[in-house]
Amino acid sequence: MRALALGLFIALLSSTTGARAADDRCWQTAFAAIQHSAMAPRPAFTSYAEQEQITADGISMEDVFYDITYRDDGVALIDDRWSRPWISNRLEPGPPLLGPYGADRKNWLGMPGIDLPYPTIATVRAHPDEPCRMLGAEPYDGISATHLVFPDAPSDRPALKAMWIDPRSDDIMKLVVSGRINVRADRSDRTAHFADFQIELEHKGPYTVVRHVTWSYSLRVYSQVAKFFGEYYYRNYRFSDRSPNALLAGGR
């Protein structure tokens with residue numbers, strides 16, 4: 001039976017196309033980077049300044065500054081300097097730290113605390129049927145980054161579109177993900193509009209944080225097209241184990 005199983009396994013390997021093998025290597029690279037991100041240290045509280053700029057056809061719609069303190073359970077204290085600070089679990093455009101988050105993060109961390117009598121020799125994950133393409137090495141921030149793209153990512157819901165990974169450390173340096181944006185053709189427009197967010201990351205001490213985010217979108221209204229552009233800068237990072245504000249202390 002062992003010989004039969006081995007022969008079947010070899011037959012399955014030999015029937016795999018070159019494209020599928022390339023997809024497998026690409027997904028393995030992506031999964032290694034996602035798991036590396038899930039295992040990265042996370043501060044209890046992250047404070048930072050964010051500038052948000054949104055234009056329509058080159059005309060400024062928003063240019064605001066926020067002081068934000070983000071708690072590692074996803075809750076944040078937001079101060080726009082004009083009104084009273086408020087607490088929310090929704091950040092625009094998103095958290096200052098790279099995911100996976102919460103329960104999704106735990107799914108990538110294996111089985112801590114479980115003592116098995118055998119050593120782990122492999123970790124197996126089933127990847128999606130969608131293609132994953134490795135475009136090779138590309139200069140980025142002074143290193144030769146591995147560039148991955150996901151050409152069949154869905155366009156009608158949030159999705160991963162591209163990654164740039166440091167092959168020496170598995171650090172994710174840049175991402176392209178699709179996300180919903182709050183634009184409408186008119187008050188009756190109930191269409192979900194999605195744009196691609198370019199997310200640039202950097203290291204601050206032991207942590208990987210968001211540095212810069214951009215998105216663009218063309219909205220057609222009858223025969224006219226409105227061109228939107230969004231840009232976000234993250235600066236002045238500070239990290240702490242205890243809440244710097246009493247309003248967030250309840251979760252700690």
Residues with amide H under 5 Å from that of MET61, placed H, sequence gap 5 or more: ILE54, THR55, ALA56
Diffing region 223-237: the Karplus 3J(HN,Hα) column from phi (6.51, -1.76, 1.60, θ = phi - 60°), in whole Hz with x for Gly and Pro, holds 9, 10, 10, 9, 9, 9, 9, x, 9, 9, 10, 10, 9, 6, 6
Whichever lysines have a C-alpha closer than 19 Å to that of LYS204, once near sequence neighbours (fewer than 8 apart) are set aside: LYS174
Sparse-neighbourhood loop sites, chymotrypsin sites (Phe, Trp or Tyr not before Pro) in region 41-86 - DSSP loop, at most 15 other Cβ within 10 angstrom: TRP82
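Given a Förster distance of 45 Å, report the FRET efficiency between ASP72 and SER223 from their Cβ-Cβ distance, rounded to the nearest 0.05.
Calculated value: 0.40.
Could you put GLU52, GLU130 in order of accessible surface area, largest first, with the 1.4 Å probe and the full protein assembly present?
GLU130, GLU52
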Residues whose modelled amide H sits under 5 Å from the amide H of ALA44, counting only those 5 or more places away in sequence or on another chain, are SER240
Over region 136-252, how many percent of alpha carbon pairs lie in each 5 Å bin up to the one with the longest distance? 2, 9, 14, 16, 15, 14, 12, 9, 6, 2, 0
Using alpha-carbon pairs under 8 Å, 6+ residues apart, how would you state the relative contact order of region 182-252 in percent? 20
Got a sec to turn the phi values of region 184-199 into Karplus ³J(HN,Hα) couplings, 6.51 cos²θ - 1.76 cosθ + 1.60 with θ = phi - 60°, whole Hz, x for Gly and Pro? 9, 5, 6, 5, 8, 6, 10, 6, 7, 9, 10, 10, 8, 9, 8, 10
Pick out, in residue order, every one of the chymotrypsin sites (Phe, Trp or Tyr not before Pro) in region 194-252 that is DSSP loop and has at most 14 other C-beta atoms within 10 Å; say none if there are none. TYR222
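The values are calculated or read from the model by the stated rules, or taken from the named source; none is laboratory data. In this text the structure is predicted, and so the values were computed from the model without any measurement. In this analysis, Cβ positions are derived from the backbone assuming ideal geometry, glycine residues included, and neighbour counts consider all displayed protein chains. What goes into the accessible areas is simple: the full protein's heavy atoms, side chains included, and nothing from ligands, DNA or RNA. Shrake-Rupley method; radii C 1.70, N 1.55, O 1.52, S 1.80 Å.
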